[in-house]
Structures are given as C-alpha cells and as structure tokens.
1. For residues in the stretch 318-332 being open to solvent by 20 Å² or more (accessible area, probe 1.4 Å), more than 23 Å from Asn288 (Cα to Cα) and not hydrophobic (A, V, I, L, M, F, W, C), which is nearest to the chain's Cα centre (by Cα)?
2. Scan the stretch 64-79 for residues that are in contact (Cβ under 8 Å) with a residue 40 or more places away in the chain and closer than 14 Å to Ala122 by Cβ and report the count.
3. Considering each of Ile157, Ile123 in turn, give the residue that is assigned to a loop (DSSP other than H, G, I, E, B), of a type in the set (Val, Ile, Thr), open to solvent by less than 20 Å² (accessible area, probe 1.4 Å) and under 25 Å from Ser40 (Cα atoms).
4. Looking for whichever is in contact with a Lys or Arg (Cβ under 9 Å, 6 or more places away or on another chain), in the same structural domain as Arg121 (by TED's automatic domain parsing) and not aromatic (Phe, Trp, Tyr) here; the options are Glu203, Glu219. Which one fits?
5. Considering only the stretch 97-114, state which residues are farther than 23 Å from Leu65 by Cα and assigned to a helix (DSSP H, G or I).
6. Which of the numbered conditions does Ala216 fail, given that it passes all the others? Conditions: (1) among the aliphatic types (A, V, I, L, M); (2) open to solvent by 20 Å² or more (accessible area, probe 1.4 Å); (3) modelled with pLDDT of 95 or more.
7. In this structure, is Val150 more than 30 Å from Asp247 (Cα to Cα), buried (at least 24 other Cβ atoms within 10 Å of the Cβ) and in contact (Cβ under 8 Å) with a residue 40 or more places away in the chain?
Amino acid sequence: MPFLRAEPSAAGLAAVERAVRETDLKARGAATQRCEQRLSALLDRPAAVLMVQSCTAALELSAMLLGVGPGDEVIMPSFGFASAANAFVLRGATPVFADIAPGTLNLDPAAVRAALTPQTRAILVVHYAGVAADMEALLRIAAEAGVPLVEDAAQGIGAAYRGRPLGTLGALGAISFDATKNLTAGSGGALIINDPVLAQDAETLRDYGTDRARFARGEVARYRWVLAGKNAAMNELAAAYLAPQLDDLQAITAGRRRTWDRYHAAFAGLERDGLAARPLVPAECASNAHIYALVLNSAAERTRVLAALREDGVEATFHYVPLHSAPAGEQFGRADGPLPQTTDLSARLLRLPLWNDMPDADVAHVIDAVEHRVREHATPGAP
Ligand SMILES: Cc1ncc(COP(=O)(O)O)c(C=O)c1O
C-alpha cells in the first residue's frame with residue numbers, strides 16, 4: 001500500500017476545465033481570488049492572504065519582507081524542511097538550529113531562548129504534523145526579544161492553537177498545498193500576513209516587484225517596478241483545482257482524523273507495553289491529522305520495522321534528516337549545541353501511510369502489520 005494516494009477531486013477537475021474554457025488564465029485571476037477569499041474566511045480574516053506558487057515561495061517572500069540579510073540569525077528547528085532554511089540562507093542570513101521537545105516534536109521554547117543572540121532577527125516555528133508548537137511561550141520569547149515570529153504552517157491547513165488557525169499567530173505564516181498536503185493544488189502555497197504594515201509590500205514582492213495589484217484596483221494610474229521582487233503568484237489552473245477543496249476543508253479534515261484516531265486507538269497497546277511512543281496533541285491544539293508517526297525505541301529497530309513493513313506491502317517512512325547535520329546545514333547554518341532530542345527522535349520516527357478518505361481495509365492492514373512488526377522487532381524499554 002502506498003504511503004500516499006491522491007484521489008482526484010471531481011469538483012476540482014470541473015473547475016479546471018471551466019477555468020480553461022471560460023477565463024484567460026492570467027495570474028491573480030478569478031480562481032486565485034476565489035482561493036484568497038475562501039482561505040481568508042477560513043483563517044478568520046488576517047490582514048492579507050496571498051496565493052503563491054508554493055509554501056517555499058511564501059517563506060522566501062517572508063524573508064524578503066522582514067529584510068533579513070547577511071550577519072542576521074534566524075532561530076528555527078533542525079527537525080524541519082529545507083525550505084525555511086533556504087529562504088533565509090538565500091538572503092545571506094544564518095539559520096541557527098534549536099532543539100525540539102519530545103511528544104509534539106516542535107521547537108522547545110527553552111532551546112529557543114538559549115539560542116537568542118544580539119544578531120537574532122526572527123524566529124521561525126514549524127508546526128509539525130499539523131500540531132501547533134507551544135505558541136504562547138514562543139510568542140512571548142519573540143516579543144521579549146523584539147523580533148518577528150514566522151510560522152512554517154506548511155502542514156497546518158485546518159489546524160488551530162487555542163482556537164486560532166495556524167499561520168495566523170505570528171507576523172507571517174506560510175501554508176503548503178503541494179501534492180502531499182491535506183488540500184492540494186499539485187504545487188501551491190499561501191502567504192498569510194498578520195502584520196498589516198507588511199501587507200502592501202507582500203503583494204508587490206509577489207508581483208514582480210511591481211504595484212500591478214494596486215493598478216488593477218484603480219489605486220494608481222500605471223503600474224511600475226517599485227521593489228526587487230519575484231513572480232510568485234499561484235498558477236490559475238492550480239488555484240481552480242484547489243478552490244473547491246477549500247470549501248470541503250472540514251469534511252476532508254474529518255476524513256483524515258478518522259484514520260488518525262483509528263491508528264491512535266490501535267497503538268495504545270504498543271505504547272502501554274513500552275514498545276513505541278504515540279504522537280502527543282496538547283489540549284490547546286486542534287490537529288488536522290496531517291501525519292501519524294510513532295517513535296520506536298531505537299534507530300536499528302526502525303530500520304528493521306521499515307524493511308519488514310515493506311515486505312508486508314506497507315510503505316511507511318522516516319521524516320527529516322535533521323537540517324543541522326545535512327551538508328547544506330553544516331555549510332550555511334549553526335546548531336545551537338548538540339540538539340540531542342532532534343538527533344535521537346528523528347532517527348526513531350516511523351511515519352505511517354495516511355491520506356484523505358483512506359479506505360477502512362487499508363487502515364486495518366497498516367494497523368495489523370505495524371502491530372505485528374513492531375512487536376516482532378522491538379526490545380521493550382521506555383520510549
Ligand atoms: C514543514 C514544511 N515546510 C515547507 C514545505 C515546502 O512546501 P512547498 O512544497 O509547498 O514549497 C513543506 C513540504 O513540502 C513542509 O513540510
């Protein structure tokens with residue numbers, strides 16, 4: 001069974017056909033605007049929502065908006081994706097990698113506090129698996145340090161922290177709609193701007209550095225090149241495919257949650273017997289069930305279980321070679337200490353297949369195989 005299967009969205013296909021037949025497919029057209037309006041409503045109307053080509057593009061625009069440059073440091077987890085680090089490295093800044101906390105695998109606020117220096121210009125938070133980081137503590141640290149907080153909410157659509165949607169808590173948030181996410185445009189993303197001061201420049205940076213959006217609204221007589229920007233707007237075809245899914249967000253999230261809940265209930269026995277740790281969703285977090293991952297007792301055990309599951313036809317996988325230990329991380333970044341949790345937990349993590357409306361029989365097959373293979377290869381201990 002695959003790790004991921006993307007069932008085609010019938011409404012999405014119809015919308016793509018309509019877009020091709022009825023519009024001129026210009027960027028920032030009807031479909032993109034529809035996505036922006038729907039996403040803005042889902043996110044409780046932040047200062048601005050811009051559909052972009054990817055979450056990576058949203059993170060790059062964030063780094064540009066914050067004016068981060070050479071000599072600046074940005075604190076971020078090493079247990080994360082390359083995009084966040086690239087966004088700041090491409091501006092000449094240095095990622096400073098801080099450790100995570102067990103359970104959620106999100107940034108440990110104490111580690112962030114310890115990593116602050118006079119050069120710190122921003123804090124970047126990843127909400128792993130659609131479960132929020134400890135935002136109360138992290139926002140307090142950012143405020144005390146006088147630096148903005150950027151949310152890498154790539155995995156966060158439909159998830160919330162104390163009732164507030166992920167991506168809307170920091171100065172800026174970045175969401176992904178790539179092919180692996182709960183909602184997909186094939187490739188796509190959104191930049192969420194929560195600090196109104198940044199909203200106009202964000203729009204300009206997305207549109208080749210021109211004030212074309214203001215021109216389109218009749219606010220200026222001609223559009224001109226005003227900032228060093230990018231062509232980062234979402235493709236209209238991608239936006240057309242995505243828009244109906246935004247309407248279905250609740251149902252899609254509920255479908256994933258059913259699978260997530262079944263896994264969680266089924267693996268309680270493994271946890272009770274000290275063979276695996278299940279993911280933690282703190283009470284203040286509403287998860288979107290993006291990922292289900294167990295933490296096994298050792299790296300060797302994970303290697304054996306992964307291979308055994310493959311024999312059973314189950315494509316489980318690992319997640320994130322820590323950025324600080326990857327070649328580009330060593331070249332461009334700096335680890336704030338040895339990051340023991342990141343190193344240890346990333347070596348033991350086992351991600352299970354999970355997709356929207358995964359059939360019951362597939363879920364049952366994964367549960368049986370994991371239960372059997374973990375017990376077969378595990379050595380009891382406190383995970
Ligand atoms: C945490 C995280 N950040 C960034 C990205 C990059 O998103 P995109 O592929 O939309 O650029 C991903 C996933 O692809 C991710 O999981």
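The values are calculated or read from the model by the stated rules, or taken from the named source; none is laboratory data. Here the structure is a predicted model, which is why all the values come from computation and not from measurement. Ideal geometry is used to build each Cβ from the backbone, glycine not excepted, and the neighbour counts take in all protein chains shown. Note: accessible area is taken over every heavy atom of the protein model, side chains too, but ligands, DNA and RNA are not part of it. Shrake-Rupley method; radii C 1.70, N 1.55, O 1.52, S 1.80 Å.
1. His324
2. The first filter runs over the stretch 64-79 and keeps only residues in contact (Cβ under 8 Å) with a residue 40 or more places away in the chain, leaving 64-66, 68, 71-79.
Now narrow it down to the ones that are closer than 14 Å to Ala122 by Cβ: 64-66, 68, 71-77.
Number of matching residues: 11.
3. Numbers: Ile123 fails: assigned to a loop (DSSP other than H, G, I, E, B).
Unique residue meeting the criteria: Ile157.
4. Numbers: Glu219 fails: in contact with a Lys or Arg (Cβ under 9 Å, 6 or more places away or on another chain).
One residue alone meets the criteria, Glu203.
5. Pro109, Ala110, Ala111, Arg113, Ala114
6. Result: Ala216 fails condition (3) only.
7. Details: more than 30 Å from Asp247 (Cα to Cα): no; buried (at least 24 other Cβ atoms within 10 Å of the Cβ): yes; in contact (Cβ under 8 Å) with a residue 40 or more places away in the chain: yes.
So Val150 fails the test.
Yes/no matrix, rows are residues, columns are (1) modelled with pLDDT of 95 or more; (2) surrounded by 16 or more Cβ atoms within 10 Å (Cβ to Cβ); (3) of a type in the set (Val, Ile, Thr):
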site: Glu271; (1), (2), (3): yes, no, no
site: Pro279; (1), (2), (3): yes, yes, no
site: Ala286; (1), (2), (3): yes, yes, no
site: Ala289; (1), (2), (3): yes, yes, no
site: Ala293; (1), (2), (3): yes, yes, no
site: Ser298; (1), (2), (3): yes, yes, no
site: Val305; (1), (2), (3): yes, yes, yes
site: Ala316; (1), (2), (3): yes, yes, no
